[in-house]
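Report on one structure; see the data block that follows.
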Amino acid sequence: MKILYEFRDKFLTGDVLTRLLLINCAMFVLVLLAHVLFTLITMSSNVTVAGIFQFPASPFRLALRPWTLITSMFTSYGLWHFLFNMLVLYWMGGIFQQYYTNSHLRGLYILGALAGMAFYMATYQTISVAADRDWADAMPMTSCAVLAFSTAVAFKAPNHQEQIPLIGNVKVKYIVIAIALVDAALLPHINPATDAAHAGAVLAGWLFCRMLSKGHDLTKPVTAFFVWLYGLKRRQ
């Protein structure tokens, strides 16, 4: 129980980046425990429950699993994809905070995931149906959320340099391109629908950077929602 209290205290006292990391870790553990539980119940090693938490490509399935709008924002494909996403979230999130605020990070994380969902569902329902292909019918959105604010950093400070072991200083614009390529390689189902999800995240990051330079903050509605949520909790 002590570890749960430490987790809670870290979450309550941490910044947005810390909270995003902790939520992703908690979701990974939850999916893992659910998988183990269902395997023990069914006595089968072929059971998978990850899809229950991932965003479905079908509007009908989304209506049956509305919680995936939230859970998919914090899920990844397996252990290596999870570790990669957490590394990028910690690394690029820290760089993002040098140029933007915590509210921007939280807002763009959510908007990037939502953009990925919209592009994924739209592409799957048009191209995959027409092509009659057996593509992945559910997708986690953590990588889309991470790619969105990584893209914003690349457009905001393309010449910002980071020290890479054994390589040296590398400009962040090239790092983000490498991140997108590695993330795509870690996906088990590469198809136009999953590619479109990442394209939607990139578009969200670019639009955020572009509009903010003109004085329009795309994350303001998300920030307003959390301000209202915090005020509601305080009144209880």
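Side notes on the structure shown:
- Residues considered: 218, 203, 166. Of these, the only one that is modelled with pLDDT under 90 and open to solvent by 60 Å² or more (accessible area, probe 1.4 Å) is 166.
- Qualifying residue in region 77-89 (condition: surrounded by 15 or more Cβ atoms within 10 Å (Cβ to Cβ) and assigned to a loop (DSSP other than H, G, I, E, B)): yes
- The residues of region 10-27 that are in contact with a Ser or Thr (Cβ under 9 Å, 6 or more places away or on another chain) and either open to solvent by less than 60 Å² (accessible area, probe 1.4 Å) or not in a helix (DSSP H, G or I) (or both), listed by number, are 16, 24, 27.
- Single match in 121, 117 (criterion: open to solvent by less than 10 Å² (accessible area, probe 1.4 Å) and either in a helix (DSSP H, G or I) or in contact (Cβ under 8 Å) with a residue 40 or more places away in the chain (or both)): 117
- Unique residue being modelled with pLDDT under 90 and buried (at least 17 other Cβ atoms within 10 Å of the Cβ) when the list is 57, 131, 145: 57
- Filter pass, residue 94 being more than 15 Å from the chain's Cα centre (by Cα), in a helix (DSSP H, G or I) and at pLDDT below 90: no
- Looking only at region 90-114, and only at residues there that are hydrophobic (A, V, I, L, M, F, W, C) and open to solvent by 20 Å² or more (accessible area, probe 1.4 Å), the one that is farthest from residue 56 (Cα to Cα): 91
- Scanning region 28-43 for residues that are open to solvent by less than 40 Å² (accessible area, probe 1.4 Å) and touching a Ser or Thr at 6+ places or on another chain (Cβ under 9 Å) gives 31, 39.
This table checks each residue for (1) in a helix (DSSP H, G or I); (2) among the aliphatic types (A, V, I, L, M); (3) under 15 Å from the mean Cα position of the chain (by Cα).
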site: 143; (1), (2), (3): yes, no, yes
site: 155; (1), (2), (3): yes, no, no
site: 170; (1), (2), (3): no, yes, no
site: 200; (1), (2), (3): yes, no, yes
site: 203; (1), (2), (3): yes, yes, yes
site: 211; (1), (2), (3): yes, yes, no
site: 217; (1), (2), (3): no, no, no
site: 225; (1), (2), (3): yes, no, no
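- No other residue among 166, 181 is farther than 25 Å from residue 212 by Cβ and in a helix (DSSP H, G or I) apart from 181.
The values are calculated or read from the model by the stated rules, or taken from the named source; none is laboratory data. As the structure is a computational prediction, the values presented were derived from the model and not from experiment. Glycine gets a Cβ as well: all are built from the backbone with ideal geometry, and neighbour counts include every protein chain shown. In case anyone asks, the SASA skips ligands and DNA or RNA and just uses the protein heavy atoms, side chains included. Shrake-Rupley method; radii C 1.70, N 1.55, O 1.52, S 1.80 Å.
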